[in-house]
2 protein chains.
Amino acid sequence: MEQLLRVHNFCVSSDGVAAGPDQSMDSPFGLDQSKLMFWVMGTASWVGRSEVGGTRGLDDYFTREFSRNIGAEIMGRNKFGPQRGPWTDHEWRGWWGEDTPFHTPVYVMTHHERPSFEAGDTTFHFVDGEPADILAQAKRAADGRDVRLGGGVTTIREFLDADLVDTMHVAVSPVRFGSGLRLWDSPDELRDRFDLDVVPSPSGVVHHLFWRK
Amino acid sequence: MEQLLRVHNFCVSSDGVAAGPDQSMDSPFGLDQSKLMFWVMGTASWVGRSEVGGTRGLDDYFTREFSRNIGAEIMGRNKFGPQRGPWTDHEWRGWWGEDTPFHTPVYVMTHHERPSFEAGDTTFHFVDGEPADILAQAKRAADGRDVRLGGGVTTIREFLDADLVDTMHVAVSPVRFGSGLRLWDSPDELRDRFDLDVVPSPSGVVHHLFWRK
């Protein structure tokens, strides 16, 4: 069985912005993330759901696809947390505390060394190198299952530029931010290398499903 | 975790027909099933796929959802095969031979006794009773996972009438058969009890996603 590198539930604005320039402890995305993530929060499968209920329609299919047949995640250090430069604060163990949504090995890309650690059933490794090398490492750890590319936007661009992404789900929300870190100017930029289904959801988000030609 | 009864990838024509009146060894659906199933056959996850490739867009999400977190299936005897009345031919072990797509216990509804048997990693049980009792039996066997209601159309109607279905995915194909066994005159008949997302796919099929209110 082919092992895929998959992007899931990556949220951008209608002008392609996925993160603001000013990520901080109080603002993990550096912008009002509820304007991008609202469609996830209504679904039955949302990991943050504290009450029973939620929708089980189209958006829920995408929400729950996050963990299907995933054996490892790769993320950029800006997804892991707001620190930059050398890791001076080892008390900071990611946004998720001990109860992460990953449940697999996670490879955090960084130029600065840091020892691996475990948080619940997730092990965080800190790795430096080319995307292809880090992907090879994650695939070995995934033990036959697929690898999820978790973001942020800079990391996804890096793997797209290296032509390593097999499938990508991007949810485009009906909001414009104007400035910030962009995934694209238009999804059409990727049509030369990917097939694309564009699927409007009743929630107002437009799901974009890419798969390699 | 709540155990759901789920219908997946149930295919009907634009006039609601899911099966013809004349099921036979040569025609499992009693009609030209390629006109209903074409959208499945193009996908990467189709169990019948013999070559690599296939689409990984919207239709593929539905195709692969078939087995996610399923611990048992319930089907009517008309899905199992074309025999009617007492089971005189025990050589007939279902359309699938030893290589079934189920990989779980399967409960075949019938008024006629027949011993259970194993085909690969699937065990077929032949059970008589009310839908609620058969569902209770399947849920016990599913060991915490969900139960899939496999069809055919008569069986799905029976479980809908007993208000036992939690989620239902019906793919409506752009073909009219005029006569045959109908799931509905219109999907709107179910809106009093279910929320519904109607999602057109680029392939031409229209996915209908119901979940209980």
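The values are calculated or read from the model by the stated rules, or taken from the named source; none is laboratory data. Values in this document were obtained by computation on a predicted structure and should not be read as measured data. As a convention, Cβ positions derive from the backbone with ideal geometry for all residues, glycine included, and neighbour counts pool all protein chains shown. Side chains are part of the model used for accessible areas, which takes the heavy atoms of the whole protein and leaves out ligands, DNA and RNA. Shrake-Rupley method; radii C 1.70, N 1.55, O 1.52, S 1.80 Å.
Overview of values
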| item | result |
| --- | --- |
| Rounded, prolate or oblate (a/c below 1.5 giving rounded, otherwise prolate when a/b exceeds b/c) for the range A:24-135 by Cα gyration tensor | prolate |
| At R0 = 22 Å, FRET efficiency that the Cβ-Cβ distance of B:SER50 and A:ASP195 yields, to 0.05 | 0.60 |
| Within the protein assembly as shown: Cβ-based charge dipole about Cα centre, in debye rounded to nearest 20 (Lys, Arg +1; Asp, Glu -1) | 260 debye |
| Beta bridges by DSSP in chain B, antiparallel share as percent, to the nearest 5 | 45 percent |
| Cβ neighbours within 10 Å from other chains - mean over A:190-199 | 3 |
| Residue-count net charge about A:TRP96 - beta-carbon cut-off 13 Å; Lys, Arg +1, Asp, Glu -1 | -3 |
| At 7 Å out from Cα toward Cβ: B:PRO86 inter-copy label distances (nm, ascending) | 8.7 |
| Cβ charges +1 (Lys, Arg) and -1 (Asp, Glu), total dipole of chain A, debye | 280 debye |
| Simple label model, 7 Å out from Cα along Cβ direction - A:GLN83 to B:GLN83, nm | 6.7 nm |
| Inter-chain Cβ neighbour average for residues A:53-61, partner chain, 10 Å | 6 |
| Positive-end extreme of charge dipole, the range B:12-76 - chosen from B:TRP39, B:ASN69, B:SER50 (charges on Cβ) | B:ASN69 |
| Protection proxy ranking of A:194-201, A:115-122 - average other beta-carbon atoms within 10 Å, highest first | A:194-201, A:115-122 |
| Relative contact order [Cα under 8 Å, 6+ residues apart], chain B, whole percent | 31 percent |
| DSSP-defined antiparallel bridges as percent of all bridges, the protein assembly as shown, nearest 5 | 45 percent |
| Amide H contacts under 5 Å for B:HIS125, placed H, 5+ residues apart | B:VAL106, B:TYR107, B:VAL108 |
| Scattering profile of the range B:73-213 at q = 0.13, 0.15, 0.17, 0.19 Å⁻¹ [log10 I(q)/I(0), Debye over alpha-carbon scatterers] | -0.66, -0.86, -1.06, -1.23 |
| Cα gyration tensor shape of the range A:97-142, rounded if a/c is under 1.5, else prolate or oblate by comparing a/b with b/c | oblate |
| Most mobile listed residue (B:THR104, B:THR155, B:THR88) in chain B, GNM with C-alpha springs under 10 Å | B:THR88 |
| Mean Cβ neighbour count within 10 Å, used as a protection proxy, ranking B:123-131, A:57-65 highest first | A:57-65, B:123-131 |
| Exposure rank, largest accessible area first [A:LYS139, B:LYS213; 1.4 Å] | B:LYS213, A:LYS139 |
| For B:VAL7, distant residues with modelled amide H under 5 Å away | B:LEU149, B:THR167, B:MET168, B:HIS169 |
| Charge dipole magnitude, Cβ of K and R +1, D and E -1 - the range B:38-86, Cα centre, debye nearest 20 | 220 debye |
| P(r) tail fraction, the protein assembly as shown - alpha-carbon pairs more than 42 Å apart, % | 20 percent |
| For the range B:1-58 versus the range B:141-165, the gap between their alpha-carbon centres in whole angstrom | 17 Å |
| Rounded FRET efficiency, nearest 0.05, which uses the C-beta distance separating B:LYS35 from B:ASP133 and R0 of 56 Å | 0.95 |
| With all protein chains modelled, accessible area of B:SER34 [1.4 Å, Å²] | 60 Å² |
